[in-house]
Amino acid sequence: MVARDPRTDFLYVRTAENEEAGVYFSSPDNITFNRFGGGGIMDLLAVLLRRLDAVLVVPGGPTMIRRDEDRDLLPAALRDEWPVVVARTGAEIDRAIRAS
């Protein structure tokens with residue numbers, strides 16, 4: 001973490017490779033990453049998804065789950081209208097986003 005603003009629930013993170021992202025905690029069940037890229041940030045995102053047992057929804061792109069059995073737990077709109085991809089690592093997340 002490089003900077004934190006508790007008034008806006010914003011974190012500015014940077015990896016050891018100087019990859020950066022803005023992270024907003026807009027509600028207890030909604031975290032938004034902005035202006036991100038690079039393997040280190042994708043790995044950070046994969047760790048966060050694993051620790052929170054969360055899914056990643058890419059606007060206009062795929063919804064990423066960690067286990068195939070999680071597919072049935074998704075709301076119909078996410079499951080039926082957009083591709084659902086199993087992605088466990090930063091590299092898998094990156095490939096799914098680039099393929100969309």
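Numbers for the structure displayed
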quantity	calculated
Inter-label distance for N18 and D53, nm, one decimal - labels placed 7 Å from Cα along Cα-to-Cβ	4.0
Computed [θ] at 222 nm, helices only, for the chain once each DSSP H run of length n ≥ 4 contributes -39500 (n - 2.57)	-9000 deg cm²/dmol
Solvent-accessible heavy-atom area per residue, rounded to whole Å², over the chain at 1.4 Å	65
Cα-based equivalent ellipsoid of the chain: semi-axis lengths in Å, sorted from largest, via gyration tensor	24, 16, 11
Value of relative contact order over the chain, rounded to a whole percent, pairs C-alpha under 8 Å and six or more apart	20
Charge tally in the Cβ shell below 13 Å around R35, where Lys, Arg are +1 and Asp, Glu are -1, R35 excluded	-1
Tilt relative to the chain, helix 90-99 - C-alpha long axis, 0 to 90 degrees, to 10	60
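The values are calculated or read from the model by the stated rules, or taken from the named source; none is laboratory data. Because the structure is a prediction, the values reported are computed rather than measured. Neighbour counts are summed over all protein chains in view; Cβ atoms, including those assigned to glycine, are modelled from backbone coordinates with ideal geometry. Keep in mind that these areas ignore ligands, DNA and RNA; they rest on the heavy atoms of the full protein, side chains included. Shrake-Rupley method; radii C 1.70, N 1.55, O 1.52, S 1.80 Å.
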